[in-house]
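K.L.:
The structure that follows is given in the form of structure tokens.
The values are calculated or read from the model by the stated rules, or taken from the named source; none is laboratory data. Note that the structure is a prediction, hence the values are computed from the model and not measured. Here the Cβ is made from the backbone with ideal geometry for all residues, glycine too, and neighbour counts use every protein chain on show.
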Amino acid sequence: MTTLQPVTDRPRRRLRLPSPSRAAALLFMIVAAVAVLGPVMWTLSTSLRAPAESFDLPPHFIPLGFDVSAYREVFTQIDVTRLVLNSALVTALIAGGRCSPRRWPATSSPACGSGAPGSSSPWCWPP
């Protein structure tokens, strides 16, 4: 029976620090992500707390008790299933229309050229 030996002949890669411009870009993206996602997380947090808890000072980012009664009330007032099915239907129709070969005319458009080989634009289909 043979035993496997670890490969040790490869040199170890050293961890390199990013360049200052790359570090600045990464820092900017992190700050932008927090600036964009912060209000979204605050809205979600506020929607999950009791109405009386929303006006507490100082405000808490994480609610003390989760209250989903607002979501329950919305789902009883609005037929969410119908809205989701409608969105799925519209998405399927748009995707089907965009991918349909019948949607594209033959190369008779002036932008597509005369239809001779090599005269068509890259925007025309079929080539």
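K.L.:
Just to be sure before I move on: is A25 surrounded by fewer than 10 Cβ atoms within 10 Å (Cβ to Cβ), assigned to a helix (DSSP H, G or I) and not hydroxyl-bearing (S, T, Y) in the structure I sent?
P.N.:
no
K.L.:
Report yes if P11 is at pLDDT 80 or above and exposed (fewer than 10 other Cβ atoms within 10 Å of the Cβ), otherwise no.
P.N.:
no
K.L.:
Listed residues P6, P58, P63; which is at pLDDT below 80 and not in a helix (DSSP H, G or I)?
P.N.:
That would be P6, the only listed residue that is at pLDDT below 80 and not in a helix (DSSP H, G or I).
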